[in-house]
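*Asks:* Starting off with a structure, shown below.
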Amino acid sequence: MRSEIRKAILFRKLASAVVSALLLITLGSAAAQATVAPRITKAASLPTTIVPGSTVRVTPAAANLKASRTYVWYLAGHRFVTGTDRTLKTFAEDNGSSLYAIETLKFANKKVLTSRTKTVTVGVHVTPPPPPSPYLWSQEFNETAGTTASSSYFDLTSPYGAGDGSGIGNPGWGNNEREWYLPASAKTDGQGNLVLPATKTVPSDNLQCYYGTCTWKSAKLITLGKIGFKYGRIEVRAKLSGGQGQWPAIWLLGANQPSVNWPQCGEIDMAEWKGDLPNMLWGTLHGPGYLNQGNTTTINGGFTGYHTYRIDWIPNQITWYLDGVQYHQMRATDIGGNTWVFNAEQYLILNVAMGGNFVGNQIGSGVTQTSMSVDWIHYSALNGYGALISH
């Protein structure tokens, strides 16, 4: 009997101790809840794509303490209360409507916080159009390596851009040049540049020039018959490799050249170089009765680095720039009463000539290849002037 009484007493003591411990734990937990400030560590969210007619589910906000949650939705400006249900059914007619939800979190210490999802458009996801280009036309040459210049803008077969000039009755291009032009040899390098190469020929090229077997082949690009330019700003960022006898140029001719010929068509030499003078740049104008109206300037660092060559062209005036600094200007009043032929369409030319009168008809014996690399071409309006002419 005493044994059973003793057991009952021990059981009551043990039960009392357990109850006391649980009470302490509960009180401690409540105290901890009371001392930690509730906060939201990650906002509630909705799926980025919502198909009309589907049920949308909120991903609850993350919080540092446990809380009860209720939801209110706003669809096309209308309010929908779903209580503890974190889903909302959409319908086909909701296509294009804006949707967001607000989650309310209630914590044990009576604190209330809300978390708003981002607004999502149901069904319709239109990529905003890119910002308008500041250029009337441009070429960036960001295609994969080995891409030929675009035939949409450059004529790759015309005798005005291919061969040795004999195809238009002008062998040696009127300057005793030694190259045979292959326009399609100008290709991108995969690093954002278009490279116009000039190399010595090999027997398998089988190219016959006006003077016999061609000794050089090169690249020339023309926009004749594709696109033309009338006034505006033309800029080209380019670099050269150099070498005696190299005669690269960025220039324009009148689009009427095939019918009136040169110099009646007019020629604007944006930039010309001699391969053995890497620090010198020529900018020149040629027209009927006023040839070689030009100026030179020094290229800081030389032409083997990239520089920006530019003309600003408005009625009766053309101005030349190197890296944004003016170094030459010609006006209609500067040509001694001759006819100013530069208020009409011109076409763009990029080329690497070898030999010819401008470089003294000499090509260095050690020169076997050379090139011009073009980073980009930009054409833009200038003070309201500028028109890209498509053919």
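No value in this document is a laboratory result; all are computed from the given coordinates. All of these numbers come straight from a predicted model, not from anything done at the bench. Positions of Cβ are generated from backbone atoms using ideal geometry, with glycine treated the same way; all protein chains shown enter the neighbour counts.
*Asks:* Which value in nm describes the separation of the simple spin-label points at SER150 and ASN261, placed 7 Å from the Cα toward the beta carbon?
*Replies:* 3.5
*Asks:* Expressed in nm to one decimal, what extension gain is obtained for the pair THR339 and GLN326 from 0.36 nm per residue of sequence separation less their Cα-Cα distance?
*Replies:* So the extension gain works out to 2.2 nm.
*Asks:* Right, something else. Per 0.36 nm of contour for each residue apart, how much would the distance between ILE389 and SER365 grow if the chain were fully extended, relative to their Cα-Cα spacing?
*Replies:* Gain in length upon complete extension: 4.3 nm.
*Asks:* Given that just one value was derived from the coordinates, which of [x] 50; [y] 54; [z] 64 is percent of Cα pairs over 27 Å apart?
*Replies:* [z]
*Asks:* Determine the relative contact order of the chain: mean sequence separation of Cα pairs under 8 Å and six or more apart, normalised by residue count, in whole percent.
*Replies:* RCO, the chain: 16 percent.
*Asks:* I'd like the chymotrypsin sites (Phe, Trp or Tyr not before Pro) in the stretch 72-123 restricted to DSSP loop residues with at most 16 other Cβ atoms within 10 Å, sorted by number.
*Replies:* PHE91
*Asks:* Want the number for LEU65 to LYS110: 0.36 nm per residue separation, take away the alpha-carbon distance, what's left?
*Replies:* Net length gain for the segment: 15.0 nm.
*Asks:* At what distance in nm do the modelled label points of THR121 and ILE102 sit from each other, each positioned 7 Å from its Cα along Cα→Cβ?
*Replies:* Result: 2.5 nm between the two label points.
*Asks:* On to the next question. Run the paramagnetic zone check for VAL36: 7 angstrom along Cα to Cβ, then residues of the stretch 61-100 with backbone nitrogen under 16 Å.
*Replies:* 62-68
*Asks:* What is the spin-label model distance, in nm, from ILE168 to THR304 if the labels are put 7 Å beyond Cα along the C-beta direction?
*Replies:* 3.4
*Asks:* By count of other Cβ within 10 Å, fewest leading, how are ASP312, ASP276 ordered?
*Replies:* Placing the least packed residue first, the sequence is ASP276, ASP312.
*Asks:* From the convex hull of the Cα coordinates of the stretch 40-121, what is the mean projected area in square nanometres?
*Replies:* 5.0
*Asks:* Right, another one. If each DSSP helix of 4+ residues adds -39,500 (n - 2.57) and the sum is divided by the residues in the chain, what number results at 222 nm, nearest 500 deg cm²/dmol?
*Replies:* Helix-only estimate at 222 nm: -3500 deg cm²/dmol.
*Asks:* Right, another one. In debye, nearest 20, what is the charge dipole magnitude of the stretch 40-121 about its Cα centre with +1 on Lys and Arg Cβ and -1 on Asp and Glu Cβ, if you could check?
*Replies:* Dipole magnitude for the stretch 40-121 comes out near 500 debye.
*Asks:* Among GLY275, GLY123, SER152, whose Cα lies farthest out toward the positive end of the dipole of the chain, if unit charges sit on the beta carbon of Lys, Arg (+1) and Asp, Glu (-1)?
*Replies:* Farthest towards the positive end: GLY123.
*Asks:* How do 345-356, 37-48 rank on mean C-beta neighbours within 10 Å, highest first?
*Replies:* Sorting 345-356, 37-48 by mean packing, highest first, produces 345-356, 37-48.
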